[in-house]
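Peer 1: Take this structure first; my questions come after.
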Amino acid sequence: MRLRNIPGARERIAASPFVVPEEEMKEKRGKWGAVFGNRNPLYLEVGMGKGRFITDLASGNPEKNYIGIEKYSSVLLRALEKREEREDLRNLLFLRMEAEELPLVFGEEEVAGIYLNFSDPWPKDRHAKRRLPSRQFLERYDQILAREGKIEFKTDNRPLFDFALEEAKAAGWKVEACTFDLHRDPVLSRGNIMTEYEERFLEKGNPICKLILSR
Ligand code: SAM
């Protein structure tokens, strides 16, 4: 998702207490607990878009910390506007960053879980390594994820989902759960939190696929 450039977006993001400044992110590596002021487990959504999923998740789980990651300022600003309506939340921060840099920003085993929702499909073969469930990204997640940590991935894009399954198996990850129709799956649909894209594709009648990976 790339929204039209919003004048002043970067300045508004820079002034927000809910976004960690880009120049400070790397010095927080291994110390995110201190940033939140507790030792609660830390979860990331990589490519959060407009932030509905992670804001709702953080709201329902105050005993966990959450960081939403998004590379575009114009998109992150939309998430921030939602976040500002929830000033009571103490457990949710945002980073404007490129996900390739995750191992520079989070320490080994510092992250308890990672959510990937409706990641950009990058349909051309030569762009496969840009896909967030690619083996190249799985390698980055492996560096920061706790031993028992899991990756949860949702998409309506079947070729991307099949790619994710193949990449996970090739990289030695275990498929803990998998469904090709999340909203008709009595177990995996329980407690499901919708994303902006999920709502849109569900309305069109597209089945939503979900998998959960562990090592
Ligand atoms: N997760 C949201 C949802 O389900 O509604 C947004 C989905 S949107 C298709 C994918 C988002 O991931 C976009 O906002 C895009 O800018 C972001 N994104 C894609 N690749 C990224 C990367 N390498 N680093 C950070 N953000 C990325």
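The values are calculated or read from the model by the stated rules, or taken from the named source; none is laboratory data. All figures in this text were calculated on a predicted structure; none of them were measured in a lab. Using ideal geometry, Cβ is built from the backbone for each residue, glycine included, and neighbour counts are taken over all protein chains shown. The area values use the complete protein model at the heavy-atom level, side chains included, leaving out ligands, DNA and RNA. Shrake-Rupley method; radii C 1.70, N 1.55, O 1.52, S 1.80 Å.
Peer 1: Would you tally the residues in the range 66-77 being more than 14 Å from VAL20 (Cα to Cα) and surrounded by 21 or more Cβ atoms within 10 Å (Cβ to Cβ)?
Peer 2: Result for the range 66-77: 1.
Peer 1: Kindly list the number of the only condition in (1) open to solvent by 10 Å² or more (accessible area, probe 1.4 Å); (2) touching a Leu at 6+ places or on another chain (Cβ under 6 Å); (3) more than 16 Å from the ligand (Cβ to nearest atom) that fails for ILE212.
Peer 2: (2)
Peer 1: Using the structure shown, decide if GLY107 is assigned by TED's automatic domain parsing to the domain that holds TYR141, within 21 Å of GLU148 (Cα to Cα) and not in a helix (DSSP H, G or I).
Peer 2: Criteria met by GLY107.
Peer 1: Further, regarding this structure: Could we say that PHE118 is under 24 Å from LEU42 (Cα atoms), within 16 Å of the ligand (Cβ to nearest atom), in contact with a Pro (Cβ under 7 Å, 6 or more places away or on another chain) and modelled with pLDDT of 95 or more here?
Peer 2: When the stated conditions are applied, PHE118 does not pass them.
Peer 1: How many of the residues making up the range 55-78 are over 14 Å from the mean Cα position of the chain (by Cα) and either closer than 17 Å to LEU89 by Cβ or away from the ligand (no atom under 14 Å from the Cβ) (or both)?
Peer 2: Qualifying residue count, the range 55-78: 7.
Peer 1: Hey, another quick one. Please specify each residue of the range 26-63 satisfying the condition of being open to solvent by less than 50 Å² (accessible area, probe 1.4 Å), out of contact with any strand residue (DSSP E or B) (no Cβ under 6 Å at 6 or more places or on another chain) and within 18 Å of LEU102 (Cα to Cα).
Peer 2: LYS28, GLY33, GLY47, GLY49
Peer 1: I would also like to ask the following. Any chance you could count how many residues in the range 26-54 are within 17 Å of the chain's Cα centre (by Cα) and either hydrophobic (A, V, I, L, M, F, W, C) or in the same structural domain as GLU148 (by TED's automatic domain parsing) (or both)?
Peer 2: Residues flagged as within 17 Å of the chain's Cα centre (by Cα) and either hydrophobic (A, V, I, L, M, F, W, C) or in the same structural domain as GLU148 (by TED's automatic domain parsing) (or both) within the range 26-54 amount to 7.
Peer 1: Additional query: Could you tell me which numbered condition ASP88 fails, if it satisfies all but one of (1) open to solvent by 60 Å² or more (accessible area, probe 1.4 Å); (2) touching a residue at least 40 places away in the same chain (Cβ under 8 Å); (3) not in a helix (DSSP H, G or I)?
Peer 2: Condition (2) is where ASP88 drops out.
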